[in-house]
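The values are calculated or read from the model by the stated rules, or taken from the named source; none is laboratory data. Note that this is a predicted model, so its numbers are computed, not measured. Because the Cβ atoms are built from the backbone with ideal geometry, glycine has one as well, and the counts that use them run over all protein chains shown. Surface areas here come from the heavy atoms of the whole protein model, side chains and all, with no ligands, DNA or RNA. Shrake-Rupley method; radii C 1.70, N 1.55, O 1.52, S 1.80 Å.
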Amino acid sequence: MADEFNQPLSGNIMPRFAGPSTMMRLASASGPRGLDAAFVGVPFDLGTSNRAGTRFGPRQIRAESALLRPCNLGTGAAPFDRLRVADLGDVPLNPYNPGKSLAAIEEFFSALAREGCRPLALGGDHTITLPILRALHRQYGSLGLVHVDAHADCNDAMMGETVTHGTHIRRAVEEGLVTPSRVVQIGLRGTGYSPGDLDWGRDQGFTVVQAEQCWHISLAPLMNQVRQALGPGPVYLTYDIDGLDPSCAPGTGTPEPGGLTSAQGLEIIRGCQGLDLVGCDLVEVSPPYDPLGNTALLAANLLFEMLCVLPDRRPGS
Ligand code: MN
Ligand code: MN
């Protein structure tokens, strides 16, 4: 499909409640060859600590994405006119075996990275970011990280387990997948086990922006600083929907009050324009706790915004 620019199926051709169940009703593809970017579902919830259900996230995000149109009226972006994009379906996980599932995720995303195809992952709980980072690190080297979340996800272990949705950032540092001085966490808040719960990342060199620092203000100035700090190297954006306030994103496993607004959530992604984003994910949408579908709809919009800020295709790809 070398020079083919897929377009989402228009609501003027097929009504929005019908047609294919792919992300934005795009073409599906069986592999990453020839693609600049791809949506990938990762229906995993074996790493959750409270409410489960994120295994249903990709399907519901795709369903709600049928409302999305191809142009961004806020920024003027028209990503389908410059990027070759398709939906690659879901990673074939094994729900009886978390280890095998994580290995399958790493293998799937390694194949994308080798083809220069930048993934936009539909989670799934936040554990999935670890195997994705392992795959992208192999291709691009140590990464910068923009991490939106209510939680630091820097626990050493949870109930003795070292790979969960609350430990993956710490593992990523230990494994050298990310450069700590190029890690920015935004939106952290809530209750902890000790007052110093957010200090582990700071001690590594992270920039930690707590939710209280974001209250009532535009995050555009913050993102100007983030772009300066991260510079020209490869960056991954990992976006936990619980970074946003439960009033706009209730359908998630570990909600915390006092979160970011949906407008601030957009400002963070739009503020990533100009970074060398090599991949993004949107995690922790749990449809059983999202009866109106608004959380999944917001997630679909955030994934589209990520596509809008991906750099142009790599030279020679
Ligand atoms: Mn979280
Ligand atoms: Mn998280």
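I'd like to know how region 37-181 sits against the 2.2 N^0.38 Å rule of thumb: what's its Cα Rg over that expected value?
Working it through for region 37-181, the quotient is 1.08.
Roughly how many nanometres apart are two label points built 7 Å out from the Cα toward the Cβ at residue 263 and residue 100?
Label-label distance for residue 263 and residue 100, simple model: 4.9 nm.
Expressed as a fraction of 2.2 N^0.38 Å, the rule-of-thumb size for a compact globular protein of N residues, what is the C-alpha radius of gyration of the chain?
0.91
Using a ≥ b ≥ c from the Cα gyration tensor of region 172-317 (square roots of the eigenvalues), is it rounded, prolate or oblate, where a/c under 1.5 gives rounded and otherwise the larger of a/b and b/c decides, a/b for prolate?
Judged from the Cα gyration tensor, region 172-317 comes out oblate (a/c at least 1.5, b/c at or above a/b).
Once you have a ≥ b ≥ c as the square roots of the Cα gyration tensor eigenvalues for region 193-270, tell me rounded if a/c is under 1.5, and otherwise prolate or oblate according to whether a/b is larger than b/c.
oblate
Dipole of region 1-92, Cα-centred, from +1 at each Lys and Arg C-beta and -1 at each Asp and Glu C-beta, to the nearest 20 debye?
240
What does the highest-first list of 270-278, 124-132 look like by mean Cβ count within 10 Å?
124-132, 270-278
Please name which of 46, 141, 308 has its Cα lying farthest along the dipole of the chain towards the positive end, using unit charges on Cβ (Lys, Arg +1; Asp, Glu -1) and the Cα centre as origin.
Ranked along the dipole, the leading option is 308.
Based solely on its DSSP helices, what 222 nm [θ] is calculated for the chain when runs of n ≥ 4 H residues each add -39,500 (n - 2.57) and the sum is averaged over all residues, nearest 500 deg cm²/dmol?
It comes out at -8000 deg cm²/dmol, rounded to the nearest 500.
Per the Debye formula with a single identical scatterer at each Cα and no solvent contribution, what log10 I(q)/I(0) holds for region 120-192 at q = 0.13, 0.20 Å⁻¹?
Calculated log10 I(q)/I(0) at the listed q: -0.36, -0.87.
How many percent of the accessible area of the chain is carbon or sulfur, using a 1.4 Å probe?
53
With unit charges on the beta carbons (Lys and Arg positive, Asp and Glu negative) and the dipole taken about the Cα centre of region 65-115, which residue among 93, 78, 68 sits farthest to the positive side?
Comparing the listed Cα positions along the dipole, 78 ranks first.
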